[in-house]
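Nothing in this text is a laboratory measurement; each read-out follows from the coordinates by a stated rule. The shown structure was predicted, so the numbers you read here are calculated from the model rather than taken from an experiment. Here the Cβ is made from the backbone with ideal geometry for all residues, glycine too, and neighbour counts use every protein chain on show.
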Amino acid sequence: MSRCNTGCFEKPLARVFETLGYFVGRHPWWFFIVPLFISAGLGGGFYFLADRKANDIEEMFTPTNGPAKNERQVVQEYFPQNDSAFSRLRLYTEGTFASVIVSSTENILTVPAFTKIFQIDDDFKNLKVNECSFKELCVKKNGMCVSNAIFQIVPSPADVVTTPISYPYNGRIFIASEIGGVELKTGSTAEIGRAKAIRLFYFLKEDNQTVNNIWLQRFIETASKMQQQQGNMTISYFTSMSRNEEFEKSSDSIIPLFSLTYTLGITFSIISCLRLDCVRNKVWVASIGVLSAGMAVLSSFGLLLYCGMPFAMTVASAPFLILGIGVDDMFIMISCWQQTQVKDSVKDRMASTYKHAAVSITITTLTDALAFYIGLLTPFGSVQSFCMYTGTAVLFCYLYNITFFGAFLALNGRREKDNRHWLTCMKVPEPEINCKNYNLCCVGGAYDQETGKEEPMPINNFFKTYYGPFLTRNSTKVFVIILYLGYLASSIYGCFQIKEGIDLKNLAADGSYVASYYDYEDKFFSEYGPNVMVIVADNKFKYWDETEREQLYKCLNNLEDLQLDGRPMVAKNMTISWLETYLASGTFPTQAVFMDTLPAFLQVSGFLQDVNISNRVIIASRMFIQTVNISTAVDEKNMLNNLRNTADDCPVNLVVYHPAFIYFDQYAVIVSNTIQNIVVATVAMLVISLMLIPSPICSLWVTFAIASVIVGVAGFMALWDVNLDSVSMINLVICIGFSVDFSAHISYAFVSSNKETANERAIDAVFNLGYPILQGAVSTILGVVVLSAAASYIFRTFFKIMFLVILFGAVHGIVFIPVFLTLFGKVSDREPFAVL
């Protein structure tokens, strides 16, 4: 590749930033004050925060174009819900409901236990909203509130010990969803001997959602009080609004952590920038750098809130991340400032600082922002919202770093130029030449008399004197290669252990009643899975024709024969079919006979909602199959894929659907979308690197670092019990940007070094950027470490993956990449650039 192809972007860009740096150094007050006003104005967008919150779990955590949403439209079109003839089996949504699980360590089918259960049921039915009781709000069938099936079988507590109850069907009533932890009587194949749990449902009409929400809230309050009064019985409860409500509380729980995070960020920045010189101290510079990151969050979030962008819960983790990005760029700029000539004018020092630092942080900003904006391609609302807010915040962070922070760096440079104290701004005497032991309070302004630059930090000397030479030894290189191979092998192994999908209970905060309900549901009611609709969506299908019916029966048999890991996936004897029942009621030799008697049959048989007839033509019909042995996320994924694939293979136009499929759809797209985002982003990173890093070989090494860190993070997150879901997908997108950050900084420093040999360039690179990379890594980890204490799976997952990203990115930046560059990173002879 020609020199122009790898340097014609970098050199003009460096000159542009050199001019900008000079201008900022000449007019610092304008660049300092204007961003403050801009930030304050845009921050007004937070007024709209409450209106922009997007905490609907279906909207945020399910694919926007998921197949189940199209399947739901089919059901809505052909089989609209009818509250006056309510059937939970036939709902195409979860409905508006409340549910309670009453469980016991002993047999719950006793008179005392059922006496309490009946009392609990009465308490809930007596709840009122604006003088409206449950009777006015409930869904009805034949003019009566839909009752729990268990009360149809056991009409009074005394009947529980005398009434035989069959399982899973008691007559035509499917009882397995209401009685859990079942043990059958000895020698019986169906009659229940003991049970551990009873589940009750309370469905409401959907014509007045405001009143419904108030009733559901009172249900929660009542159930919470019951939970504390039941003694040996356990109450767990849930409502149709609980997930979204608890989801919002989970995001609110981390707000107090913001102040702690920024306190840690300021403290670390100050400590890492402290110098034993009362003039060259960078305490205020470090503080302003953290403030600059905070202003970026304020401005970007405010702007997008003004524009109406939904604010998902996942966005709440972005400020923690932006702090790390902003502070990382600050350390790079401070490092470049310290490489300038102390005796030069502030304008010239700023020009030199911008010439070298701005190109480097431009590379990382472009890669970070692009990685986030590529995340907008994903079909998950939570990912899109996070990526939009964070990508925009990265751009503002960059803008404020080269204006607001740069201006303060210039103002601080003027103070240093006048040899004024960092705290009092009073002039202090300069130390004697070569005198290292001077009064830290009253004397300052020392610098290296040989180089004319500020005295390097002790840790910089460590990188130059000890670490760099050690890293470039042949024996060390061999060890690093072996270490890398071990890292790679562990990562690849972990990648094969990845599990997919997010458990819905993890969207609620720890200790939430939602998680408790899901736990008891899994414990007592997991034997039977979703009762899946099988829809014949073909108005030309001839139900009266035996040949066509055989095709349909064959497809149904194929569905019933499905297995998961050698276990049945569908209960063969539990299929509900209006067609089978109708054909068993008589003979129908012709179309006319078949259609003439069908309406009357549907009216009396209870199948009226399962056949859509118009002008004596069956537009669509549906049957139901009962799934079993669906207890894990992997089971849900395989069930969904097997059912859809089998339906697609059928010559009859079949659609399979259950409301839970809306959430299961994440399994169908999560892997392909993650891979798509990573590939697109990696290619984009390669293009940017080739344009801005003046060496195609080193650009390829940056791309290699991206792939290597992604593999490491994906593998080790699986070993750390983190699933691949929409939350971890966000972090893998972040992974691309951060892996570029560290490797791009060190690669750019390597190829820009004026040293002759590869080993000397590697030493020079880690000398100049080893400490800034270490500072950036530690500051970013400190920025997210408080999330490890969050009472939410989402934010703990964010911490885990960010920790892996930063750890592996930093190790690649100051260990693996320098060694690999000495072996494979030789650059062509050219005019050297000054080092960063």
Among 287, 640, 594 the positive-end extreme of the charge dipole of the chain (Cβ point charges)
287
Amide hydrogen neighbours beyond the local backbone of residue 165, cut-off 5 Å, H modeled
192
For the Cα atoms of the chain, what angle does the longest principal axis make with the long axis of helix 255-273, in degrees from 0 to 90, nearest 10?
20 degrees
Nonlocal amide H pairs with residue 53, under 5 Å, H built at 1.01 Å:
311
Using 25 Å as the Cα-Cα cut-off, could you pick out the over-long pairs in 11/347; 249/505; 125/205; 141/225; 69/141?
141/225; 69/141
List the residues whose amide H sits under 5 Å from the amide H of residue 500, counting only those 5 or more places along or on another chain, with H placed 1.01 Å from N in the peptide plane.
724
Could you calculate, for region 599-727, the ratio of the Cα radius of gyration to the Kirkwood radius, expressed as Rg to Rh?
1.24
Share of Cα-Cα pairs in region 214-342 beyond 24 Å, in percent?
54 percent
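Express the relative contact order of the chain as a whole percentage, based on alpha carbon pairs under 8 Å and six or more residues apart in sequence.
Numbers: 1420 pairs, mean separation 163.7, N = 836.
Once normalised by length, the contact order is 20 percent.
What number, in percent, do you get for the relative contact order of region 527-664 if the mean sequence gap of Cα pairs under 8 Å and at least 6 apart is divided by its residue count? Please report the intermediate quantities before stating the final value.
Values: 188 pairs, mean separation 64.4, N = 138.
Once divided by the residue count of region 527-664, the mean separation gives 47 percent.
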Can you spot the lysines whose alpha carbon is less than 19 Å from residue 540's alpha carbon? Ignore those fewer than 8 places along the same chain.
554
Would you please report the Å³ per residue occupied by the convex hull of the alpha carbon atoms in region 527-664?
110 Å³
List the aspartates and glutamates whose alpha-carbon lies under 18 Å from that of residue 135, not counting same-chain residues fewer than 8 positions away?
83, 121, 122, 123, 206, 207
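Counting pairs of Cα atoms in region 96-239, how many percent are more than 21 Å apart? Working shown, then result.
Details: 4559 of 10296 pairs.
Above the 21 Å cut-off, region 96-239 has 44 percent of its Cα pairs.
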Based on the alpha-carbon gyration tensor of the chain and its eigenvalue square roots a ≥ b ≥ c, which shape applies: rounded if a/c is under 1.5, prolate if not and a/b is larger than b/c, or oblate?
prolate
Under 27 Å Cα to Cα from residue 477, which lysines show up? Leave out anything in the same chain fewer than 8 places away.
464, 755, 826
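Among residues other than residue 601 whose Cβ falls under 14 Å from its Cβ, what is the net charge (Lys/Arg +1, Asp/Glu -1)?
Numbers: positive: none; negative: 580, 596, 610.
Net local charge, residue 601 excluded: -3.
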log₁₀ of I(q)/I(0) at q = 0.13, 0.20 Å⁻¹ - region 494-594, Debye sum with one point per alpha carbon:
-0.74, -1.13
Going residue by residue through region 530-538, the Karplus relation 6.51 cos²θ - 1.76 cosθ + 1.60 with θ = phi - 60° gives ³J(HN,Hα) values, rounded to whole Hz and with x marking Gly or Pro, of x, 8, 8, 6, 10, 9, 8, 9, 8
Taking Cα atoms only, helix 793-811 is inclined relative to the longest principal axis of the chain by an angle, in degrees rounded to 10, of 30 degrees
